[in-house]
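Reviewing the structure listed below.
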Amino acid sequence: MARQFAHPDDIRTRFSKAMSEMYRTEVPQYGTLMELVSDVNEATLNNDPALQEAMLRNGEMDRLRVERHGAIRLGTAEELFNIRRVFAIMGMFPVGYYDLSVAGIPVHSTAFRPVDDEALRRNPFRVFTSLLRLELIEDEALRAEAAEILSRRQIFTANALKLVEKAEAEGGLGDADADEFVREVLETFRWHNDATVTLAAYKRLHDAHRLIADVVSFKGPHINHLTPRTLDIDAVQADMPKRGISPKAVIEGPPQRKCAILLRQTSFKALEEKINFKPSDDDQSSGTHTARFGEIEQRGVALTRKGRALYDQLLAQVRDMGSAGSAAPDYGSRLAQVFEAFPDTHEQLRRQDLAFYRFTLSDEGAALAAGEAAAAAASDLDALIARGLAQAEPIVYEDFLPVSAAGIFQSNLGGEEQKQYAAHAAQQAFEADLGARVHDEIALYEQAQQRSIDQLRSALRGQATKVAA
Ligand code: OOG
Ligand code: NI
């Protein structure tokens, strides 16, 4: 007889809830932000019945309340390998490869998240996970010192690793084990005021790059932010100061539009932490470190490869104009102006193959008589939509954007930090460390869209063969 296992989606929800509770006690501004986002979301839905209806229809309303992402930065290949095993138990898999070295940040990253429709609908919790690239530290002695410090730490509790092995061997975790797993894994993400290095060592690492100090000096990869999803990022950004939060000046990503695309994000510095460094004879042992910050995001429709290419091209154009000096209009105006070239109705986005949609039968479509259903099953999607027999719902973008992520990293690292690293993506090396290939995010959206088309056609064929009552 099959054993009863806790469902991975359920373990993920328990974990994401535990993480949110922990972060709320560690970073009080996170609690304030959650209240603001929830107020703005409620007001947005009340003012926009069509949005409310669409979200109810898509099953998006339930997930909105629990939706958030976090981020961690790891130090070694072994840590990355094991975090993949941990996340797999919660139904989270590596999606996408992000090379942040192009933006002067010595990491490369993936996002662990659910991949299938149902799991995403239940709880799309994601963790943006970066791996430090020690090979980008120029100073050989410092590189060796960092590697040596990292090799001595164990970021998982012995119990967490034991439960991972058990889950892998048996195919899942029972309910009590799942609870224990959540408690044990939470320890990996916890903040520690005690550094594992002396203040002098911290300073050396910090001088090489702030991020290197953040990864190497502590016992574990503390969760550095937890981001709720808002339905109106401009409203939240505007209201933040009223609640004592000061966001970075610029919202990353596309401009405000009628049809939201991809992802818009903004962040704020949350805390300067007091740190107890390892005592040493010639240095004091107390100091500070800024690790944790806050962030909000608004998600829009996922783009096809063609749509994404257009997005990247327009964003590059905005940035190039900026380097034209003081004659150039400010960033917000440039962004709005350049993005006028990006179609802004769902009809155009769909017909020009710029964005992904989930196709469903309308009530009229579902009520077609057998003969008409047979004809409808064979006709093309545009025709079905034009006749009101089917509708196209935007597929939400579930991933991240490298240029935006770089902006978020930069803002909490202190802004000015800009080391020049030669751009070099190393996806194969990353995957070797991870012990798995990362999913191609665009292929996942393509498949989701295709599944919906297949389901729609097969529903119509089913209707066609129904004997009239
Ligand atoms: C991750 C920054 C990237 C996002 O939402 O783009 C990120 C980090 O600072 O570790 O979280
Ligand atoms: Ni983030």
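Each reported figure results from applying straightforward, stated rules to the coordinates on display, with no laboratory input. Here the structure is a predicted model, which means the values were calculated and not measured. So basically every Cβ, Gly included, is an ideal-geometry build from the backbone, and we count neighbours across all protein chains shown.
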> Over the range 1-88, what number does the Rg to Rh ratio reach, with both radii from the alpha-carbon atoms and Rh per Kirkwood?
Replying inline: 1.08
> Between Leu51 and Arg153, what FRET efficiency follows from the Cβ-Cβ distance if R0 is 51 Å, with the result rounded to 0.05?
Replying inline: 0.65
>> Could you tell me the center-to-center distance, by alpha carbons, between the range 48-118 and the range 221-280 in angstrom?
In response: 17
> What is the helix-to-structure angle for 77-89, meaning the angle in degrees between its Cα long axis and the longest Cα principal axis of the chain, kept from 0 to 90 and rounded to the nearest 10?
Replying inline: 40
>> List the aspartates and glutamates whose Cα sits under 16 Å from the Cα of Lys258, skipping any in the same chain fewer than 8 residues away.
In response: Asp48, Asp232, Asp234, Glu340, Asp344, Glu347, Glu393
> For Lys166, which lysines qualify as cross-link partners when the Cα separation must be under 29 Å and same-chain residues fewer than eight apart are set aside?
Replying inline: Lys17, Lys219
>> Out of all Cα-Cα pairs in the range 283-417, roughly what percent, to the nearest whole number, are more than 20 Å apart?
In response: 65
>> Taking every DSSP beta bridge with both residues inside the chain, roughly what % is antiparallel (nearest 5)?
In response: 75
> Where does helix 402-413 land angle-wise versus the long Cα axis of the chain, in degrees 0 to 90, nearest 10?
Replying inline: 40
> Over the Cα atoms of the chain, what Rg and Dmax result, in angstrom?
Replying inline: 23.9, 91
> Once label points are set 7 Å from the Cα along Cα→Cβ at both Arg461 and Ala144, what is their separation, rounded to one decimal in nm?
Replying inline: 6.6
> If you stretched the chain out fully between Ala370 and Ser246, how much longer would it get, using 0.36 nm times the residue separation minus the C-alpha to C-alpha distance?
Replying inline: 38.7 nm
> With +1 on each Lys and Arg Cβ and -1 on each Asp and Glu Cβ, how big is the dipole of the range 93-201 about its Cα centre, in debye rounded to the nearest 20?
Replying inline: 240
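Once the Cβ-Cβ distance between Asp207 and Asp382 is put in as r, and R0 is 51 Å, what FRET efficiency do you end up with, to the nearest 0.05?
0.30
Just the projected area, averaged over all directions, of the convex hull on the alpha carbon atoms of the range 138-248: how many nm²?
For the Cα atoms of the range 138-248, the hull's average projected area reads 11.4 nm².
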